[in-house]
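Written below as structure tokens is the structure these notes are about.
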Ligand SMILES: C[S@@+](CC[C@H](N)C(=O)[O-])C[C@H]1O[C@@H](n2cnc3c(N)ncnc32)[C@H](O)[C@@H]1O
């Protein structure tokens, strides 16, 4: 409970400073984080990119489910979250950087494509050009048998239809978490003809 309150207060401070990029009133609830992990699946041999990490609530569930911390590349643009992320996940690759430039950071670390991308980025509230640059990065970084999981508070799909068409992806509504504040839908994107 104490940890939850500390997380919420850390989150609120950043929200007041940068409402557009934080895009949520509090960290995602446990049910939503678990649904994200369940949708993307756990594979100890794969590298995972997580973008929009915040206080690390989704990361916590990934690690608890068995993803090795070393396999995690955690991107967060808000400097105020970085110290606590490094303390919580000392073996993970915590990257203080903008998701628009993920490939540049990963190349410097010797990482090419990955097969799992987990995003909590507030796509609907980001400027259009930023959202489009980040989707371009997803496309460049995702292996052909890869998957992307994304939650949204919106009724509609989080990414524009053109992103699916251009990249030959299919989207599946993986879960709806009514108990989250606000309620959220988890979407899973896979390449066409690949099992989800
Ligand atoms: C809705 S919060 C999600 C936080 C956490 N994953 C959760 O579920 O509670 C979105 C996060 O994305 C981060 N963010 C926004 N734009 C970003 C960008 N361009 N690159 C990296 N992180 C970004 C924000 O700082 C914020 O921590």
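What follows draws every value from the coordinates through simple rules; no lab data is involved. Quick caveat: nothing in here was measured; it's all calculated off a predicted structure. A quick note on method: Cβ atoms are made from the backbone with ideal geometry, for glycine too, and the neighbour counts reach across all protein chains shown.
For this structure, a couple of remarks:
- Residues of segment 12-36 that are surrounded by fewer than 15 Cβ atoms within 10 Å (Cβ to Cβ), assigned to a loop (DSSP other than H, G, I, E, B) and out of contact with any helix residue (DSSP H, G or I) (no Cβ under 8 Å at 6 or more places or on another chain): 18 alone.
- Top-ranked residue of segment 53-72 - restricted to ones that are under 19 Å from residue 106 (Cβ atoms) and surrounded by fewer than 24 Cβ atoms within 10 Å (Cβ to Cβ), ranked as nearest to the ligand (Cβ to nearest atom): 72
- Condition check for residue 121: within 10 Å of the ligand (Cβ to nearest atom) and closer than 16 Å to residue 142 by Cβ: yes
- Filter result (under 18 Å from residue 21 (Cα atoms), in contact with a strand residue (DSSP E or B) (Cβ under 6 Å, 6 or more places away or on another chain) and outside any strand (DSSP E or B)) within segment 139-158: 153, 158
- Only one of the listed residues (108, 178, 174) is more than 25 Å from residue 32 (Cβ to Cβ) and either surrounded by fewer than 20 Cβ atoms within 10 Å (Cβ to Cβ) or in contact (Cβ under 8 Å) with a residue 12 or more places away in the chain (or both). That residue is 108.
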